[in-house]
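Take a look at the structure set out below.
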Amino acid sequence: MPSTIEFRRATLPNGLEIIAEVDPTAHSVAAGFFVRTGARDEITNLMGVSHFLEHMMFKGTATIDAHELNRRFDEMGARNNAYTSNELTCFHAHILPEFMDSGLRLLAQMMRPALRVSDFTTEKNVILEEIAMYKDSPFWVLYEEAIARHYGTHPMSHRVLGTTDSIQALERDQMAEYFNSRYSADNTCVALAGKIDFDACVAAITEECGTWQTTRPTRNTARPNVGGGRFEIRDAKVSRGYLIGIASAPAVADDQKYAAAILAQVLGAADNSRLHWALVEDGIAEDCQAAFDGHDGCGEYYVYASGDPEKLPTIERVIHEQIAALADSLEERDLERLRNKIATGATIAGEKPEGRMQRLGRHWTALREYATLDEEVRRITSVTLDDLRKVARAFPMTPVTLGTLLPASA
């Protein structure tokens, strides 16, 4: 049966792009504003400004206060939220088709916040509390320090939340300047999915966003020199031992990313992986995982484990042994199982307009190209054992940055 989904695209004179997967059989609609800016686009002393701005968007515009903004979304029954990463910031809503015009317009208006000093001052304390909360998570403490050391002076080392010092020092006018330079029409993509009238959506977006400025923002996408060596953190609040290792991996634009994702799952998926059987099932570690993350111009693998502090040297040894043996131990059953698992996950996520909108917006923001869900699943399922071995040779998973978090010395 032929697909009912149609891809549509339009570009406003100011450079704002609108893309959509129109599905007349869907029962809901989803919209997202994807801004191609994140922690890696900040100067170091403004670290965390992108995430802080995400919070400020919900504080209202010059004509709509925070309470009114939330009330309007709530009256539509919208499922709306936002998130910030190293490379993009997204503001999105999932609603019924009859609310598409009003919901889309409200999202667009929200994208031009008032940035009131009073709101900025209040929200700064919220951000500082969020940073403090993450300091209580052993994984995040270790991961953020490892990434910072791994990428060194490259902006990929920046922490999405920023640091206590960078947020405390941030001023409202610095945020406004960053907003004006990066939240521009030519740095924004609107992704739509579901039962929508595309032409009507374009008309609404043109009316709301047609006067947005064009700024031609840039980004450093050169693959950085990496490697932070070994480090150790001691913390009186922890009683277990934690280990993380970081290694270089394919960029998001590299076709090897599909093989890299599968290879990382073979090594460290939550269950039925090499590390799970060698560490958790043998009672050496309490938790272990490995993952791949592709970025604009670079990427990384990470491997993480936790357990008895006295067993950490053994855990590290087993991890190195499993990585060293990985390429030669690969079997067709590993590949088939994980191809199907990843393809299933992608397909399930794409069954709802919300999932399709997110895949569409993230893919377009990163690569400026469109691929159907079927095409992406085909790319995943076409990965071969040779592809896995090739990416293992091109991007060895042996950590070049390795850190441990241990209880404070007695």
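Since every read-out is calculated from the coordinates, none of them should be taken as a lab result. Treat the numbers as computed from the prediction; the structure is a model and nothing was measured. Cβ coordinates were reconstructed from backbone atoms using ideal geometry, including for glycine residues, and neighbour counts include every protein chain displayed.
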### Task
Restricting things to alpha carbons, tell me how big the stretch 291-392 is in terms of Rg and Dmax, in Å.
17.1, 50
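Does the stretch 6-209 come out rounded, prolate or oblate by the C-alpha gyration tensor, with a ≥ b ≥ c the root eigenvalues, rounded set by a/c under 1.5 and, if not, prolate when a/b is larger than b/c and oblate if not?
prolate
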### Query
Each residue of the stretch 249-263 in turn: what ³J(HN,Hα) in whole Hz from Karplus with 6.51, -1.76, 1.60 and θ = phi - 60°, glycine and Pro shown as x?
8, x, 6, 5, 8, 7, 4, 6, 4, 5, 5, 4, 5, 5, 4
### Query
How many nm separate the modelled label positions at ALA394 and ALA270, each set 7 Å beyond the Cα in the direction of the Cβ?
3.0
### Task
State the Cα centre-to-centre distance between the stretch 18-88 and the stretch 306-346 in whole Å.
36
### Query
Can you pull the three principal axis extents for the Cα set of the stretch 39-118, in Å, largest first?
44, 27, 14
### Cα-only Debye scattering, the chain: base-10 log of I(q)/I(0) at q = 0.06, 0.12, 0.13 Å⁻¹
-0.27, -1.06, -1.21
#### Entry: All-pairs alpha carbon distance profile, the stretch 229-407, 10 Å steps from 0, percent
10, 35, 32, 19, 5, 0
### Query
How far, in nm, would the chain grow between THR25 and SER409 when pulled straight, counting 0.36 nm per residue and subtracting the alpha carbon separation?
132.0 nm
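Can you tell me the length gained on complete extension of the stretch THR153 to THR381, counting 0.36 nm per residue apart and subtracting the Cα distance?
78.3 nm
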### Query
What spacing in nm lies between the two simple spin-label points modelled at ARG219 and ALA236, each 7 Å away from Cα in the Cβ direction?
4.2
### Task
Counting other beta carbons within 10 Å of each Cβ, put VAL29, VAL266 in order, fewest first.
VAL266, VAL29
### Message
Run the helix sum for the chain: -39,500 (n - 2.57) per DSSP H stretch of 4+ residues, divided by residue count, reported at 222 nm to the nearest 500 deg cm²/dmol.
### Response
-13000 deg cm²/dmol
### Query
Okay, which of the stretch 142-163 sit inside 18 Å, backbone N to the point 7 Å along the Cα-Cβ direction of THR44?
144-163
### the stretch 217-314: C-alpha gyration tensor shape, a/c 1.5 cut-off, then a/b vs b/c
oblate
### Query
What whole number of Å gives the distance from the Cα centroid of the stretch 204-250 to the Cα centroid of the stretch 350-410?
15
### Task
Enumerate the calculated ³J(HN,Hα) couplings along the stretch 61-73 in order (Karplus 6.51 cos²θ - 1.76 cosθ + 1.60, θ = phi - 60°), each rounded to whole Hz, writing x wherever the residue is Gly or Pro.
9, 5, 10, 10, 7, 4, 5, 5, 4, 5, 5, 5, 4
### Task
Only bridges with both residues in the stretch 229-407 count here: give the DSSP antiparallel percent, nearest 5.
75
